[in-house]
Every structure is written in structure tokens, then in C-alpha cells.
Amino acid sequence: MAAMKKRLPILLCLLTLGVVQAQEATLSLTVTVEDAQPNIGQILISLFDSENYMQAPTAQQTGTVDDDGRCAFVFQGLAAGEYAVSVIYDEDMDGELDTGLFRIPTEKIGFSNNAKGRFGPASYEDAKFPLSSTNTAITINLVGAR
């Protein structure tokens, strides 16, 4: 019985830690992508949570374009913090960004905050945004080719 009394505070601490961690990972992010051709192609979206931007996505999804040239995504179970999103409008549905001369994209792209890059993707500093409320929604407008 004495051993159980010594373990009880440790068990309560572990249970509390588990509840706190579960609460931290309950945020969701809805991303709406606009300006694609209605009912043509797919949207490839990557979510990043650190300076590994454009290298190691936290999550990725693919979706089809609707009648209005839009596509919506929901990322759930996210922890509070800073994130950035990159989007490719894969018009020919080959699963990758098509590029032309000097690796300039021939398909539309987009970034959170509608950030724009020069000679490459938008910087993490320009694309990052805070995620701190339960249901956050952002809109990304595609730019580039066409």
C-alpha cells in the first residue's frame, strides 16, 4: 500500500502530461486554394512547421479542383506554432510541378500569406503564419503560368 501511495503522484503527473499533450494537438487548419481552371487538374499541398520549409513537409494532401476552380483542405491534430503552406496546381495530373527554361514553373503555384518568391519559392519568413486558435482558415490564390 505504501508503494502505491508513492507511485500515485507519478501516475497523476503522467496522466496530466498526456491530457496537456492531447490538448496541444487539437488545432485544425483549413486551406482554400483558388484560381485554378474549373474541374481541371489537381492541387498538391504541403504543410511545413519549421525552417525545413520546402524540404521536409509536416503533412501533404492532394485534392481535385471543383466547379468554381477551388479546392479545400483540412489539416487536423496540429500543435500550436508557426506553419507555412506551399501549393502546386498540377494541371496535367502528373504529380509534380512542371517547369520550363531556367526551371521557371509552367504550372500555377501558391504560398501561405500569398507570398511570392524571386527566383525560387517564397521565403519561410514571408509564408509563415501563426496557428493558435482551434479552427484557423486561410486562402491561397494561385499565381504564375496562364
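For the reader, a short list of remarks on this structure follows.
- Sites Ser133 and Thr32 - FRET efficiency at Förster radius 22 Å, r taken between beta-carbons, to 0.05: 0.85
- A prolate overall shape is assigned to the stretch 76-145, the ratio a/c of its alpha-carbon gyration tensor axes (a ≥ b ≥ c) being 1.5 or greater and a/b exceeding b/c.
- Put simply, the C-alpha atoms of the stretch 26-141 give a gyration tensor, and the ellipsoid matching it has half-axes of 22, 18, 11 Å, longest first.
- With q set to 0.12, 0.18 Å⁻¹, the log10 of I(q)/I(0) for the stretch 61-116, from the Debye formula over equal scatterers at the Cα positions, is -0.37, -0.78.
- The chymotrypsin sites (Phe, Trp or Tyr not before Pro) of the stretch 39-136 meeting both criteria, a DSSP state outside H, G, I, E and B (loop) and at most 12 other C-beta atoms within 10 angstrom of the site's C-beta, are Phe119.
- Annotation: for a label point projected 7 angstrom from Cα along Cα→Cβ of Arg118, no residues of the stretch 42-78 have a backbone N closer than 18 Å.
- Dipole orientation for the stretch 26-141: of the candidates Tyr53, Thr64, Ser86, Tyr53 has the Cα lying most toward the positive pole (charges on Cβ; Lys, Arg +1; Asp, Glu -1).
- The stretch 98-131: trypsin sites (Lys or Arg not before Pro) in DSSP loop, at most 16 other beta carbons within 10 Å: Lys116, Arg118
- Database remark: amide H of Thr58 closer than 5 angstrom to the amide H of Leu47, Phe48, Asp49 (H placed geometrically; neighbours at sequence offset of 5 or more, or on other chains; Pro and chain starts carry no H).
- Span from the the stretch 96-146 Cα centroid across to the the stretch 78-94 one, whole angstrom: 8
Every number in this text was worked out from the coordinates using simple rules, so none of it is lab data. Bear in mind that the values here come from a model prediction, so they are computed numbers and not experimental data. FYI the Cβ positions are ideal-geometry reconstructions off the backbone, even for glycines, and counts take in every protein chain you see.
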